[in-house]
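Student: Pasting a structure here, questions to come.
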Amino acid sequence: MKLSPDQKLDIREVLKDLALYRPRRKGWIWRQPITDHQVGPFILKDTSKNLKNSVPLPAAHAFENMDPQCAVVVTTEIASGRFEDDLRRMRMVAWHGADHIMVIRTTGQSHIDGLIEGTPEGVGGIPVTRKQIRATRKALDAIEEEVGRPINFHSYVSGRAGPEMAVLFVEEGVNGAHQDPQYNILYRDINMHRSFVDAAEAKRILADGAILQLDGAHNANATAKEAWKVTPELFVQHAINSAFSRAVGMKKSYIALSTVPPTAPPAPKMRLDLTYAVALREIFEGYTFRAQQNTRYMETDTMETTVTHVLDTLISRLTPTNIQSTITPDEGRNIPWHYNNVAGVNTARQTFMGLDGLDDLLTLREEGKWREEARNLKERAVLFLEEILKGGGYYAAVAAGQFVDSGFFPERKGDGIVRLPDKGDDADTVIPRASDYGAPVCSHFGDNIYTSENGKACEAYGGCTLCDPSKIRYIDEIDSEDNVETRLSKPLADLAAGKLSPEVEKHADGVVCVTIFVPDNPEIAEAAAIEMAKHMGLTHLEVISRRVMHPAEGSVFEIKGVLQVEINKHELSLTVPEQPLADKEIEAWVRPRRLHIVAATVGEDEHSVGLHEILDIKHGGIEKYGFLCHDLGTSVTIERLLDAAMEYQACAILISTIVTHAHVHEQHMERLQKLATQRRVRDRLVLLAGGTQVTDELARTCGMDGGFGRGTTGRDVASFLVRTLRQKEVK
Ligand code: Z98
C-alpha cells in the first residue's frame, strides 16, 4: 500500500488482504539525533532527520520553509473511538512531526479477561482488537513511508488480559506499551496477586519483542487531590515497576518512566516541577524518560493550556527527556479533536526548535536552595519505601491506603486508595505452577519443561506464533452490525458524491466550535451566548470554555455544537489564488535591478494607511526587497503620478483609494490607464490599484494589470510585480 500526498487514505486499501498482512518491522525505534545540521539558513544543534513530507510550522515561510525536526520522539494520543477515523488523524499528526502514536482503549477494556475481535466502535478510544491494530499498523507502515520516518505505535498492556495483549502486540508489530501492575491494582481494582503474576509474563513478552514499556506512575498525580504533594510516592511507584521489570529481564533502556510535571501556573511551576524532574532523573539514571504534558489543571481556552504545555516542554528540554508526550491542548476539556492533536504536537516541536542549542547557553546550577529541595524529595521517597518494607511490604501498604494519599509524605491525609490483597477482580485466580508445567512458546516467564538448550521452547512444536506468524488465528468480524464495513457505507457514499460536512473527530460528525463574547455578567452572558449559538443553527450545544473578562463588562465562551450541513464540493466555484513568491526569491530578483516605483493615494483620499502597509519596510512592505519607492503622498492627481513615473523611469505605478463613493475608485483606475496609453507609456508600466473596494477582477476591467483588496501584504504585491516584470523581460 502506497500513499500519495494528494490522495486521501483509502480505508478499503487498508482492509484489503488484511488477513495476510505482516508488520514490516518490530520493536521500538528512537530518532537519530543530528547536531550541527544545516536546515534552511541555520546550523541547528538538536535535530533529527528532516521529513520527506511534512507541514512546516507557520513562521517557516520566513526561513526558506525550513522544517527541522527535534531530536526527541513526540507522542500524540488518539481516541476517536473509530479506528478508521483514527487512521486519518494519524496521517495528519505524522505530517506535523509525531512519531509515537498512542491509541487509547475503549472505556473498561482493562476489565475484560480476554481478547476482543473484529472492529467494534468504542467510547473514548477503540476496543483494541487484532484486526484494528493490524489495520493500524498497515496504515502506519504506509504513513511512515510517506513521511520518511519510523512511527512507533503504542497501546496498553494493563488489565485482566495483560499477557494475552502482550503476545498480540508483539505478533502485530506494536512498538510501545504501558505495563504496570500498580495501575491494575490502584485504578482498576484488579487483584494484587493476579496483577503481579500477569505482569511478570507480560513484561517478559514485551522485553523479548523489544517493545518500549511505559509505567503508570503519572496516574497518581492525575488522581490525587493535591497532585503536587504525591511526588515522593511517584519515585516509589517508578522504583517498584522498574525493579520488577528488570527482575523479569527487561533492559533499562526499554523501561520508560512516565512523568508529568505536577503543577501549573499560578503555582510556582518551574521551581517545583524542575526540581522534581531533576531529582527523579538522578535516582533513575540509565532509564528512559517519557515526559507527559500536564492536563490536570487545564480549564479554559487553548491559549491557557498551551502556555502550560510550553512550560512543561521547557522542563523536558532542561532535563534529559527521550519522549515528549503531547496529549492535546484540550484534553482537560475532553475534546481531543483532529486539529487539537496537531496543535499539541506543534506546541512541542515549536518549543523544542525554539530552544535549539539551549545547552550552550544555560546550565542548571550545582548549588543553591533548589538542590536542597531535590535532595529533600529523594529522602522522602527513600523513607516512604522504608516505611513500606517495615509495614510488611507493598500489599500491606496498599491495604493501609498509603498510595495516592494527598499528604506530602511523611504527612498523610488518609485519602489514599485502599485495596485488599484477597479482593478485586480475579481474586483467587492465581494457582501454583505444577512442577511439570510446560508452555511450548519461546517468550515466557519462569519454569517451563519445554525450555531447550538454545532457549527456544517452541522448537518442539515447530515454532510459536511469534516465530511462525502463519500460526496466528486471524478472526475478521464477529458482529454483523458493529463493524467497519457497515460504518464505511456513509463515508464512502459521501466521498463518491463529493459531500462535505464539518468534522472534528468522526466522519461528518458536524461538530463546530464558535467563540462568542457577550457584554454582561457571567450568568446572563452564558445564557445569551447559548441562545446566539442556537440562532446560528447549531444543535447539541455545550459550553466548553468560559472566561470572565470582567464581572460586569462581559465574558467569552467557546461553544461546541453540531451544524447539520452537507456541501457538495462539485458545486463549489473555486478560484485558486496564486501563492506569493518566497521573500528571498523576490529580493534576489529585485535588488540588483534598482527598480523605481511611484505610488500615491489618488483623488481626494487622505487615507494613506493602506499604502504605507504595502510600501513601508516597517510594515513588511515592498521596500524591504529593494524596490526604490517614491511615495507622492495623498490626494495626488493621475497626471502627477505619470509625470513622476517618467522622471524616475519607474517600472510601476501603485494607486490606492480607501474612501470612495459613487464609483470614484473605478474612474481613477480608468483614467490612469487612459492617460498612460495617450502618453504612449502604458507598455512600460505595471499599473496596480489597491483599496478596500478594489478587487483584482474590477481593477482589470478598469484597465489595470492587477488589483489588491483587503488583507493584501507587501509580499503579495511584490510577488505580482516580480512575476509581471519577469514576463516583460522575457518578451
Ligand atoms: C497516558 N493516556 O499515560 P485502560 N496502563 C497504564 C496506564 O497509565 C493507562 C492504562 C493502562 C495517558 C494516561 N493511562 C492514562 C499504566 C492509562 C489504560 O484500558 O484505560 O484501563 O488502560 O498515556
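The values are calculated or read from the model by the stated rules, or taken from the named source; none is laboratory data. This structure is a prediction, so every number in the text was calculated from the model and none was measured. Neighbour counts are summed over all protein chains in view; Cβ atoms, including those assigned to glycine, are modelled from backbone coordinates with ideal geometry. Only protein heavy atoms, including side chains, enter the accessible area calculation; ligands, DNA and RNA are left aside. Shrake-Rupley method; radii C 1.70, N 1.55, O 1.52, S 1.80 Å.
Student: Any idea which of MET353, ALA497, ILE472 is furthest toward the positive side of the dipole for the chain, if Lys and Arg beta-carbons carry +1 and Asp and Glu beta-carbons -1?
Tutor: Result: MET353, furthest along the dipole toward the positive end.
Student: Distance from the Cα centre of the stretch 555-593 to that of the stretch 614-666, in angstrom?
Tutor: Each part reduced to its Cα centre gives a spacing of 27 Å.
Student: What span do the alpha-carbon atoms of the stretch 35-191 cover on each of the three principal axes, reported in whole Å from largest to smallest?
Tutor: Dimensions of the stretch 35-191 along the principal axes of its Cα atoms: 57, 30, 25 Å.
Student: Another question about this same structure. Along each principal axis of its Cα atoms, how long is the stretch 109-257 end to end? Whole angstroms, biggest number first, please.
Tutor: 44, 30, 30
Student: Expressed in nm to one decimal, what extension gain is obtained for the pair ASN376 and ALA460 from 0.36 nm per residue of sequence separation less their Cα-Cα distance?
Tutor: That pair, ASN376 and ALA460, stretches by 24.7 nm at full extension.
Student: Using the Kirkwood radius over C-alpha pairs as Rh, can you work out the diffusion coefficient of the stretch 583-730 via Stokes-Einstein at 4 °C, viscosity 1.567 mPa s, in µm² per second?
Tutor: In µm²/s, the coefficient is 87.
Student: Once you have a ≥ b ≥ c as the square roots of the Cα gyration tensor eigenvalues for the stretch 281-436, tell me rounded if a/c is under 1.5, and otherwise prolate or oblate according to whether a/b is larger than b/c.
Tutor: Taking the square roots of the gyration eigenvalues as a ≥ b ≥ c, the stretch 281-436 is prolate.
Student: Right, something else. Using the heavy atoms of the protein chains and a 1.4 angstrom probe, tell me the accessible area per residue for the chain in square angstrom.
Tutor: On a per-residue basis, the chain sits at 46 Å².
Student: When each pair of different Cα atoms in the stretch 1-128 is counted once in the 1/r mean, what is the Kirkwood radius in angstroms, to one decimal?
Tutor: 17.3 Å
Student: Which distance in nm do the two modelled labels at LYS423 and ASP494 give, with both placed 7 Å along the Cα-to-Cβ direction?
Tutor: So the two model labels end up 4.7 nm from each other.
Student: Placing unit charges on C-beta atoms (Lys and Arg positive, Asp and Glu negative, everything else neutral), compute the dipole magnitude of the stretch 635-724 about its Cα centre in debye, rounded to 20.
Tutor: The calculation lands at about 140 debye.
Student: Between ARG594 and MET270, with labels modelled 7 Å along Cα→Cβ, what's the label distance in nm to one decimal, could you check?
Tutor: With each label placed 7 Å out from Cα toward Cβ, I get 5.1 nm.
Student: DSSP loop (so not H, G, I, E, B), at most 16 other Cβ within 10 Å: list which GluC sites (Glu not before Pro) in the stretch 570-624 pass both filters.
Tutor: Within the stretch 570-624, the qualifying GluC sites (Glu not before Pro) (loop, at most 16 other Cβ atoms within 10 Å) are GLU578, GLU604, GLU606.
Student: Let me ask you something else. If you wrap a convex hull around the C-alpha atoms of the stretch 425-536 and split its volume per residue, what is the figure in Å³?
Tutor: 309 Å³
Student: Okay, moving on. Give, as a single signed number, the net charge of other residues whose beta carbon lies under 12 Å from the beta carbon of LEU615, with Lys and Arg counted +1 and Asp and Glu -1.
Tutor: Residues close to LEU615 contribute a combined charge of -2.
Student: Put +1 on the Cβ of each Lys and Arg and -1 on the Cβ of each Asp and Glu in the chain; which of LEU628, VAL441, SER555 then has its Cα farthest toward the positive end of the dipole?
Tutor: Looking along the dipole axis, the top candidate is LEU628.
Student: Once label points are set 7 Å from the Cα along Cα→Cβ at both LEU628 and GLU553, what is their separation, rounded to one decimal in nm?
Tutor: With each label point 7 Å from Cα toward Cβ, the separation is 5.0 nm.
Student: Okay, next question. Counting only protein heavy atoms and using a 1.4 Å probe, what share of the accessible area of the stretch 583-730 belongs to carbon plus sulfur, as a whole percent?
Tutor: 49 percent
Student: Can I ask one more? Can you give me the % of accessible surface on the stretch 262-394 that is carbon or sulfur? Probe 1.4 Å, all protein chains present, nothing else counted.
Tutor: Of all accessible area on the stretch 262-394, carbon and sulfur atoms account for 57 percent.
Student: Taking the chain as the reference, fit the longest principal axis to its C-alpha atoms, fit the long axis of helix 664-678 to the helix C-alpha atoms, and give the angle between the two in degrees, 0 to 90, nearest 10.
Tutor: The angle comes out at about 60 degrees.
Student: Estimate the FRET efficiency between GLN667 and VAL514 by the formula 1/(1 + (r/R0)^6), using the beta-carbon distance for r and 45 Å for R0, to the nearest 0.05.
Tutor: According to the calculation, E is roughly 0.65.
Student: Still on this structure: When DSSP assigns beta bridges and you keep just the ones with both residues in the chain, what percent turn out antiparallel, to the nearest 5?
Tutor: 35 percent
Student: Tell me the mean residue ellipticity at 222 nm calculated for the chain from its helices only (DSSP H runs of n ≥ 4, each -39500 (n - 2.57), averaged over every residue, nearest 500).
Tutor: Taking each H run of at least 4 residues, the total per residue is -11500 deg cm²/dmol.
Student: Evaluate the charge dipole of the stretch 498-571 about its Cα centre and quote only its size in Debye, nearest 20, assuming +1 on the Cβ of each Lys and Arg and -1 on the Cβ of each Asp and Glu.
Tutor: For this selection, approximately 180 debye.
Student: For the chain, find the longest principal axis of its Cα atoms and tell me its angle to the long axis of helix 231-248, 0 to 90°, nearest 10.
Tutor: 60 degrees
Student: Once you have the alpha carbon radius of gyration of the stretch 205-323, what is it after dividing by 2.2 N^0.38 Å, with N set to its residue count?
Tutor: 1.08
Student: Within the accessible area of the stretch 498-571, what % is carbon and sulfur when the probe is 1.4 Å and the other protein chains stay in place?
Tutor: In the stretch 498-571, the share of accessible area belonging to carbon and sulfur is 56 percent.
Student: Using only the Cα atoms of the stretch 498-571, what do you get for the radius of gyration and for Dmax, in Å?
Tutor: 14.5, 48
Student: While we're looking at this one, here's another question. Where does the charge balance sit around MET250 when Lys and Arg score +1, Asp and Glu -1, over other residues with C-beta under 14 Å from its C-beta?
Tutor: Net of charged neighbours comes to +1.
Student: Find the Rg to Rh ratio for the chain, where Rh is the Kirkwood radius over alpha-carbon pairs and Rg uses the same atoms.
Tutor: 1.06
Student: Quick one: which residues, 5+ away or cross-chain, put their amide H under 5 Å from the amide H of ASP425? H built at 1.01 Å from N.
Tutor: ILE190, ASN191
Student: Working from Cα positions, state the angle (0 to 90°, nearest 10) between the long axis of helix 130-147 and the longest principal axis of the chain.
Tutor: 40 degrees
Student: Here's another thing I want to ask about it. Please give the FRET efficiency for SER480 paired with THR575, using the beta carbon to beta carbon distance and R0 = 45 Å, rounded to the nearest 0.05.
Tutor: 0.45
Student: So for the stretch 498-571, averaging the separation of alpha carbon pairs under 8 Å that are six or more residues apart and normalising by length, what relative contact order in percent results?
Tutor: Computed over the stretch 498-571, the figure is 41 percent.
Student: Distance cut-off 25 Å, Cα to Cα: go down the list LYS8/LYS131; LYS2/LYS560; LYS269/LYS369; LYS674/LYS731; LYS229/LYS560 and report the pairs above it.
Tutor: Long pairs (Cα-Cα over 25 Å): LYS2/LYS560; LYS229/LYS560.
Student: Report P(r) for the stretch 583-651: all Cα-Cα distances, bin width 5 Å, range 0 to the bin holding the largest distance, values in whole percent.
Tutor: P(r) over the stretch 583-651, rounded to whole percents: 4, 17, 25, 24, 18, 9, 4, 0.
Student: Take the Cβ-Cβ distance between LYS225 and ALA582 as r, set R0 to 51 Å, and report the resulting FRET efficiency rounded to the nearest 0.05.
Tutor: 0.45
Student: Something else now. Would you work out the relative contact order for the chain, in percent, from Cα pairs under 8 angstrom that are 6 or more residues apart?
Tutor: Contact order relative to length: 10 percent.
Student: What translational diffusion coefficient, to the nearest whole µm²/s, does the stretch 514-644 have by Stokes-Einstein, given a Kirkwood radius computed over alpha-carbon pairs, a temperature of 10 °C and 1.306 mPa s viscosity?
Tutor: D = 79 µm²/s.
Student: Find, among the GluC sites (Glu not before Pro) in the stretch 187-233, those assigned to loop by DSSP (not H, G, I, E, B) with at most 16 other beta-carbon atoms within 10 angstrom.
Tutor: Answer by residue number: GLU226.
Student: For the stretch 367-486, state the average projected area of the convex hull of the C-alpha atoms over all orientations, rounded to one decimal in nm².
Tutor: The orientation-averaged projected area of the Cα hull of the stretch 367-486 comes to 16.5 nm².
Student: Between ALA528 and ASP10, what length comes free when the chain is fully extended (0.36 nm per residue of separation minus the Cα-Cα distance, one decimal in nm)?
Tutor: Between ALA528 and ASP10, full extension yields an extra 182.2 nm.
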